[in-house]
Structures are given as structure tokens and as C-alpha cells.
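Report on the structure given below.
The values are calculated or read from the model by the stated rules, or taken from the named source; none is laboratory data. All values reported here derive from a predicted model rather than from experimental measurement. Cβ placement follows ideal geometry from the backbone for every residue including glycine, while neighbour counts extend to all protein chains displayed.
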Amino acid sequence: MTTKRQIKALAAPLLARNPGLALVGSYSIWFPPTGNVVREIIIDRSSDPDRFQLRWHLTECFLPEGYDGGAFGRCSSFIFRTEARRDGWLWSDSAMADDFVVRCERDVIPILEPLDTDRKRLEFARSHPGSRGRYGWTWHLMTEIALGNLDDARAIWLENGAFYEAGHIFECRRDQKTYDRYRQLGPPLLADDRAALMNLLRVWITENAVGSRHAAFWTREPLPIEDFV
């Protein structure tokens, strides 16, 4: 099992060379300021104590599903070794630590660093070819709302929202919370009440951050929908 100490030591040279980055929690490197869509590099443990996986993610903090500090966004990509090695990222590989810095600086920072607004991050996520198959209709719904594209969001809701309008009851408290949040979207969306939708997203962002590793690092920024008011 990869340890916190190993990850901290691995990340240190990258953070020293790129002081704008921050190690958050025990396995995630963030690009502050966060806005409402976090740019992060994930150092992911595996069952093999000598092995880990490396990925970058764009993680939305406004989704009804919540953000519990362990949820990663669907827009993502694996980060591979410089040489095509079947063994991948191994702690026992003496060249691994240097290659970690090289791959992050060549393959990740040039992609994520320019995405310095929520709008840029969401537009990038919508167009990223490696992630398109991971998006369900609810992701597209929330992205259109966050971007302020309410006509497109309404079209998605009218086609799919009957499930939430039905008022189902779930045994799982978390499932019920997510379901009830989605239900709240229908009336203001159909009424074109932009202010009410903005308020819902603001409340969820705050609630999602409470108790998560995001809370201490979150920087409040207006969502794109707020540009229209």
C-alpha cells in the first residue's frame, strides 16, 4: 500500500519547482485557486505496495451528488511513464521519481494550468475526447446550468427529468439527498428562474465542501451562470 510519506516525498520536488501547486490531503496535487472545478493530479494507491497509478482530473464541486473528498471528476486521463514500460509507476524503480516530475511538467501542467476559470474547465471537459463516454445526462444537465445555457439544460430536463419529478423514496440517505437535490432543479429551470438556480448551486457547493479536503483550499468564484445576472 502506498503511504502518505511516500507521496509527500514524491511530490516535494514537483512542488518546489512549481510553487503554484499544493499537496491536498494525502494523494492529490491541486492547482489553486480552485474555483468550482478542481484541477488535480491523483497519486492513486493500488493493492500492490510497490505500484501506484497516476491520473489528472477536473472535478466539479457543484454537482448534486456531492463532493466528499474522494470523488473525482469524469474528465480525466492516465499519466504514463516516459518510456513504454509495462511495469508502470513503481516505488522500487530508481528512475521513477525524476520521471514523475517530467511527466507532470510535460503532460499535465501545460494542459491544466491554462484552464484558469470554471468556464474554461467545463468547456474543456465537454470537448475532451477521452472522457465523453463517461458523461451521463445529469452531468450534461449540470454543466449547461453552470455555464448558464438554460435553454439547452431545459431540453435535457424535458427529455429525462420525469424520473425526478416522480418523487421516488430511497432507503439510502445519501441517494435520497442526491435525488431530492435534482428534484429541486426542475421548477426553477422550467420557470427560467436563473437566480434560484444560482442559489441552489451556491448552497450545494458550500455543503459539498464541508468536512472535505476541499474546504480549506476552496476559493469562492462566481460560476459562469452568474455572468448573466
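Tell me whether the stretch 18-31 contains one or more residues that are assigned to a loop (DSSP other than H, G, I, E, B), out of contact with any strand residue (DSSP E or B) (no Cβ under 6 Å at 6 or more places or on another chain), surrounded by 21 or more Cβ atoms within 10 Å (Cβ to Cβ) and modelled with pLDDT of 90 or more. No, because not a single residue in the stretch 18-31 is assigned to a loop (DSSP other than H, G, I, E, B), out of contact with any strand residue (DSSP E or B) (no Cβ under 6 Å at 6 or more places or on another chain), surrounded by 21 or more Cβ atoms within 10 Å (Cβ to Cβ) and modelled with pLDDT of 90 or more.
Considering every residue within the stretch 52-67, establish whether at least one is exposed (fewer than 13 other Cβ atoms within 10 Å of the Cβ), of a type outside the set (A, V, I, L, M, F, W, C) and not assigned by TED's automatic domain parsing to the domain that holds residue 208. No, the stretch 52-67 contains no residue that is exposed (fewer than 13 other Cβ atoms within 10 Å of the Cβ), of a type outside the set (A, V, I, L, M, F, W, C) and not assigned by TED's automatic domain parsing to the domain that holds residue 208. Is it true that some residue in the stretch 133-154 is surrounded by 16 or more Cβ atoms within 10 Å (Cβ to Cβ) and of a type in the set (Ser, Thr, Tyr)? Yes: the stretch 133-154 contains one or more residues that are surrounded by 16 or more Cβ atoms within 10 Å (Cβ to Cβ) and of a type in the set (Ser, Thr, Tyr). The combined condition, being under 30 Å from residue 21 (Cα atoms) and in contact (Cβ under 8 Å) with a residue 12 or more places away in the chain, is fulfilled by residue 111. Against the list (1) farther than 13 Å from residue 37 by Cβ; (2) among the small types (Gly, Ala, Ser); (3) modelled with pLDDT of 95 or more, the condition residue 211 fails is (3).
With respect to (1) hydroxyl-bearing (Ser, Thr, Tyr); (2) assigned to a helix (DSSP H, G or I); (3) not assigned by TED's automatic domain parsing to the domain that holds residue 223, the lone exception for residue 94 is condition (2). Taking the stretch 71-123 as the range and being under 15 Å from the mean Cα position of the chain (by Cα) and modelled with pLDDT under 90 as the test, the residues that pass are 71, 72, 73, 74. Restricted to the stretch 159-186, and to residues there that are in a helix (DSSP H, G or I) and without any contact (Cβ under 8 Å) to a residue 12 or more places away in the chain, the residue that is surrounded by the fewest Cβ atoms within 10 Å (Cβ to Cβ) is 173.
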